[in-house]
Amino acid sequence: QVALTLMFAMYLMISNTSSLGMAIICMINSTAHSSRIDSSLILQLKPSEVRCNPCRTVLGLIPDAPFQLKKRLIVMSTRYESCPIHSRRDSLPLHSLLGTLDWEPTKQSSLFSANYYGALLTVFVSGILADRFGPKRILLVTFTISTILTFTSPFLAQFNYWAYFIGRFIIGMGNGFLIPSINSLGGWWFPTTEKSSMAALYTSGVQIAAGTSSLIGSRLCEVEFMGGWPLIFYLFGSMGVIFLLCFYIAVSDHPSDSRWLSKDELIFLESSHHEKERKRVRISSIPWKSIFTSPAVYACIFCNFTFSFASSISLNFLPSYFKEELSLHLSSNGLYTMVPFLAQLVFKNIFAYSADYFKRSGRLTPTQTVKTFQAFSSFGTCISFLGLALLPSCDRPWIALVCGFLFGFSYSGGICGFFTCMMTVAPAYSGTITSLSMVFGQLGNALAPTSVSFVSLMEWPHKWQIILVFGAALQLISGVVFLVAASG
């Protein structure tokens, strides 16, 4: 029941983050910025002058146009030739195109960054606090604040952009406490031989949220009641209230504090971890020298950074990628976005049970296990990103579906790789090590929307190809680093 409750916690954290990825398509008036430059120029042309590509036409008629205008027209021309503008607009319901909010693309990307920068502010101290004082109270407070802000998100967004930005930042601060606190709980509640399985189970909340929130969001966006998209936030806010009740009743900081465990179960868990370690972590200093001189810790840190970048791209920007590059309808967009996370949900649990079996049977050592699964995950994710960047098109959108499935399949191995490594390097300090790793994980999360915003601001052609190839390079490097430096 502890693992299931923690899975619910992960579900809510990701839902509060990824729901904006789909909601923002319906919140924003998507014609407000895409048409300002081209419409003012194209409308000055005679009908006979407008060929199949209006942006290319304007570019040809004004060869001495300013450099920035030429660059903008080239970008728009490239997108038009890949997926014609009329098909992209016809693929969405009218009320989702004409959202009530007029935010520039850079402001939209900044909303995703706000969440991650907020988490960056708290993620390091959260694990230390969890190891020293217990994670339950911390999580109760952070989820209460997050639930309130989720309920008020529609009001804040319509009231003022910066009010909503601050709300996202505060939710991010709360998210910074989640994974280190959960790993602190997991360090005591799950024996070493079951850590991969339990980690896969409770982190399944990430994939369930990422998959279902996009599908639910796409359906609610098409509802005209209350504008559609506010219903997304009201739904997940209501789930937050249910979680707080379940978490308060079912979870305690340590097995010895639980009212639900039998005596035999308590003896088994305490013998697995040694009760004296629990007391020592509360009165002794954290071994910073050993932590900062451990190659395995650095390997976990770098993998967390690169995998967080990949996770942020898939959670927040897949709907925009499918909309801009493949002209997918909202319902198809939700389905395509869901596939990678469903693949993760299935295979991460299969891989986790396989990893624990290999360790229990002695076929692989813990170090061999984490290296094998992490290498598969890093290199497989690299190949999937390259496939998404280079192969799909408007005429062949199904290739993106295949690449998305392969991404979810390969990404799943990371749970048995670097994520398990974080909990097994030093179980008594798992919260602290996770916090240290998550600092760089949040930097990776923040780098994704920053990269999207930068490429959008520069108006480079083939925006998504640039971002996905960059992500593939990060995965390739992290796989090599983990093979060299990690231990289980």
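The values are calculated or read from the model by the stated rules, or taken from the named source; none is laboratory data. As the structure is a prediction and not an experimental result, all values here were calculated from the model. Using ideal geometry, Cβ is built from the backbone for each residue, glycine included, and neighbour counts are taken over all protein chains shown. Just the protein is used for accessible areas: all its heavy atoms, side chains included, with ligands, DNA and RNA removed. Shrake-Rupley method; radii C 1.70, N 1.55, O 1.52, S 1.80 Å.
Some notes on this structure:
- Residues ASP395, ASP102 ordered from highest to lowest accessible area at a 1.4 Å probe: ASP395, ASP102.
- Ranked from largest to smallest solvent-accessible area, with a 1.4 Å probe on the protein heavy atoms, ARG219, ARG137, ARG132 come out as ARG137, ARG219, ARG132.
- Residues TYR298, TYR161 ordered from highest to lowest accessible area at a 1.4 Å probe: TYR298, TYR161.
- Per-residue SASA remark: LEU364, around 50 Å² accessible (1.4 Å probe; ligands, DNA and RNA not included).
- For THR372, the accessible surface of its heavy atoms amounts to roughly 80 Å² (probe 1.4 Å, protein chains only, rounded to the nearest 10).
- Per-residue Karplus couplings for the range 343-353, computed as 6.51 cos²θ - 1.76 cosθ + 1.60 with θ equal to phi - 60°, are listed in order as 4, 4, 4, 6, 7, 5, 6, 4, 5, 5, 5 Hz, Gly and Pro entered as x.
- Farthest positive-ward along the range 344-434 dipole, Cα basis, beta-carbon charges - from GLY417, ASN349, PRO366: PRO366
- Taking label positions 7 Å along the Cα-Cβ direction at both GLN158 and TYR248, the computed distance is 3.0 nm, reported to one decimal.
- By a 1.4 Å probe calculation restricted to protein chains, LYS136 has an accessible surface near 40 Å², given to the nearest 10.
- Split the accessible area of the range 375-439 by element, probe 1.4 Å, and carbon with sulfur accounts for 79%.
- Listed values for the range 121-129 are Karplus-derived 3J(HN,Hα) couplings in whole Hz (6.51 cos²θ - 1.76 cosθ + 1.60, θ = phi - 60°), namely 5, 10, 5, 6, 6, 5, x, 5, 5, and x replaces Gly and Pro.
- Computed from backbone phi with θ = phi - 60° and the Karplus coefficients 6.51, -1.76 and 1.60, the 3J(HN,Hα) list for the range 301-312 is 4, 5, 5, 4, 4, 6, 6, 5, 4, 4, 5, 5 Hz; x is used for glycine and proline.
- Inter-part distance where the range 125-144 and the range 198-242 are each reduced to a Cα centre, Å: 25 Å
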